1. Placing +1 on the Cβ of each Lys and Arg and -1 on the Cβ of each Asp and Glu in chain B, which of B:I16, B:A295, B:N117 has its Cα farthest towards the positive end of the resulting dipole?
2. To one decimal place, what orientation-averaged projected area in nm² is obtained for the convex hull of the Cα set of chain A?
3. Quick check for you: with a 1.4 Å probe and neighbouring chains kept, what is the accessible area per residue of the range B:1-51, in Å²?
4. How many angstrom lie between the C-alpha centres of the range B:73-93 and the range A:182-237?
5. Report P(r) for the range A:150-191: all Cα-Cα distances, bin width 10 Å, range 0 to the bin holding the largest distance, values in whole percent.
6. Could you size up the charge dipole of the protein assembly as shown around its Cα centre, putting +1 on the beta carbon of Lys and Arg and -1 on that of Asp and Glu, and report it in debye to the nearest 20?
7. Suppose we take every Cα in the range B:1-152 and form the convex hull; what volume per residue is that in Å³?
8. With no solvent and one equal point scatterer per Cα, compute the Debye intensity ratio I(q)/I(0) for the range B:66-198 at 0.19, 0.22, 0.23 Å⁻¹ and report its log10, rounded to two decimals.
Amino acid sequence: MEYVIYGIITGCILIIASIGFSMVWKTENFLNIAHGQMLLIGAYMAYLFKSVLNFPFALAMIFSVIATAVLGLLLAKVFYFPVRKSGILVLLFTSIGLSWVIYGIVQAIVGPQIRTFGLETSNMIEVFGSQILSYQELFIILISLACVFVLHFILTKTKNGKGFRAMAENRDLAQIRGINSKKLSNYVWLISSGLAGLAGILLAMSGTLNMELGWHQILIIMSVVIVGGMGNLYGTMLAALIIGLSMDVSTIIVPTSYRTAIAFIIVILVLLIRPQGLSKGGAH
Amino acid sequence: MEILVFISGIIALGGIYAMLAVALNVNGGILGLWDLGIVGYFAVGAYSYTLLTIEAPEGLGLPMIAGVIGSVIITGLLSLFIGYISLRLQSEYLLITTFAFAEIIRIVAGNEEWLTNGNIGFFGLDKPFQEFIPGANYMLFFSGLVLLTLAIFYIFAQRLADSPMGRYMRAIRENEIVTQSIGKKIYTTKLKVFVLSSCMVGLVGCFYVWYMSIIAPNMFTSAITFTVWTALVLGGIGNNRGAVIGAFVLILVQEATRFIPVPAEYSVVLAGLRQFISGMMLILVLRFLPQGLIAEKFKSVEKLFKFHDNSIILEPKGVGKNAASQGAE
C-alpha cells in the first residue's frame, strides 16, 4: 500500500515536471533538454531563499517559482529564439549546450555537497488506524492536483489557452487567424519553466538536493512525454501517473536500483506496440 | 618529459573521442539516425572485453586479441537486437528509445554484481604490449596506437561515405519516402549501418579500458553520449574530418583548463567552468556556424564519373555542374 502512495507522489511530481516539457515540445517542436536543468535551478533557488536568506518556506517556494519562470523566459529569448529558423536539430543541440552551461554555473556556485531543505519531518496522517502519508506528501499531491486543474481551466476556458491549443495544432494557421503567437509563446516559456522550478522544489522536498537531479529527471520526463504521446497534455498526465506508480510498485519485486530502468522498459514496450505513444498525439 | 606524457595522454583521450565521433558520424551524421545510445554500445564493448580477458573467477582469461574480437562481436549482436526493435521508429522516438537502452545497460552493469562486480568494477587491468615498453614511455606508445587506429577508422569511414552505399545513406537522410520509392530497402540499410557503427564503438570500448585501466559503471554515463554528439556538431555533422577535429578541439579545451594553476578549493569552480565552456562552444557554433567548423562535402556524381571531361551534357559547363551538384545536395 505504501508503495502505491509513493508511486502516486512520484507520479504527481512527474506530472508537474513533464507538462512544461510537453507544452514546449508541442509549440516549439523540439525536445528541450535544458528543461531538466530548470528543475535544478528551481530547487537551488528555493534552497537559497530558505536556508541562506532565511525566508519562510512557503514564501521561498513562491519566489523561486517566479524567479525560475522569468529566468526560463530570458534564457529562451537569448538562446532559442534566434536559432528558431535553423530547424529542430539545431534547437535540440542548443538546449543540450544550454544544459551544460547551467549545470556548469550551478556546480561552480554550490559545489558537489548533497543538501536538504532542512524541513522538520511532519506528522503522519492516520486513516482507518494506519499511518499512510505525511502532511508533506499530502501537500505535494494537492499542489499537483491544483496545477492540473488550473492548467485545464486556462487551456479550455481562457482566450490565451484556446490560442495555445490552436497554435500547437498549426502555428501558421493560428497566426493567420490573428493569434499573437509571440506573446503566447512567451507565456508558454514562463509557465513551462515555472512548473519545472516547482517540480524541482517538490522533488528536493521528498528527497535530497544534488547536482545530478536535472540529468536524472530529464530522462524520466522524456519517457513520460513519449509514452503520453507527442505534446498531448492529458496523455502526459496519465503517463506520468503510470510511470510513477510502476517505478515505485516495481520495487516490491526488483531491487530499488532498477527503479529507473522500469520507466525505460515501459517506454520501449509502449513504443513497440504504439509507435506514437499512448494517446493519439498526431503524426509528424 | 612529464609534459610529453601529459600531452600524449590528451592525444590518446582525444583520439578515443575522435574514433567515437567518426563511428557516430556513420549512423548519426551520414545516415541521419538520431542515436543517443552510443554510450551503451561503448559500455558493452568495454565490459565484454574486460570479462573475456580478465583471469578466472570473474572472467574467462582469454588472450587480448580474442577479447577485442569477442567484444566487437558481442556489441554487434546486442546492437542488432536494439536496432531490430528501435529502428522502425522515427526521429524523437528513436532518440528516446536508444537513450533508454543505454541507460538500462548502465543500470544493469551497476547492479548485476555476479557479472560486472557492481559499482566497484574492476581495476588494474592489463594494457597491450605493456611488458615490452617501460612505464614512462607507455603513454607515448599508446597514443601512437590510438592515432593509428583512428587513421584506419577515418579511412574506412571516408571510403564508406564516398561509396554508392554512402550516397544511398545520404539519400535516406534527406528524404526517406523518395528513397523508398526508387526501390531501396530503408529498414535493412539502417540496421546494417547501425550494427556497423556500433561494432566500431564497441572496439573503441577496448581502447577506453586500456586508457583508464579500470572499468566501472559510472564511466559510462550519458555525458559521454552528449560529449560525442557535441564533438560531431562542433566539427560539422556528416563530415569525418569535422568529427575528428571537433573531438580534439573539445577534449583540448576541456583538458587545457587543468593547466590553470588554482588553489585546491577552486577546483569545483574550475570543473563547472569546463562544463560551461563546452556548452557555450556548442551554442555559439550552432548560432554562427550551423554547419560546424567544416561543412559536409562529398564528391558529386558528375565529378566521380568525369562527365565534364567528356562533355556529353549539352548545357554550358558551369550551368550543368551547378544543376548536378544541387541535385546531389
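The values are calculated or read from the model by the stated rules, or taken from the named source; none is laboratory data. Computed from a prediction, not measured in an experiment: that's the story for all the values here. Neighbour counts are summed over all protein chains in view; Cβ atoms, including those assigned to glycine, are modelled from backbone coordinates with ideal geometry. These accessible areas exclude ligands, DNA and RNA; they are computed on the full protein's heavy atoms, side chains included. Shrake-Rupley method; radii C 1.70, N 1.55, O 1.52, S 1.80 Å.
1. The one lying farthest along the dipole's positive direction is B:A295.
2. Details: hull surface 63.1 nm².
Computing the convex hull of the Cα atoms and averaging its projections yields 15.8 nm².
3. Values: 1040 Å² over 51 residues.
With the other protein chains kept in place, the range B:1-51 gives 20 Å² per residue.
4. Computed from Cα coordinates, the inter-centre distance equals 28 Å.
5. Answer for the range A:150-191: a P(r) of 32, 59, 9 percent.
6. Working: 38 positive and 29 negative charges, 503 e Å.
In total the dipole reaches around 2420 debye.
7. Numbers: hull volume 20.0 nm³, N = 152.
In the range B:1-152, the Cα convex hull volume per residue is 131 Å³.
8. Values returned for q = 0.19, 0.22, 0.23 Å⁻¹ are -1.23, -1.34, -1.37.
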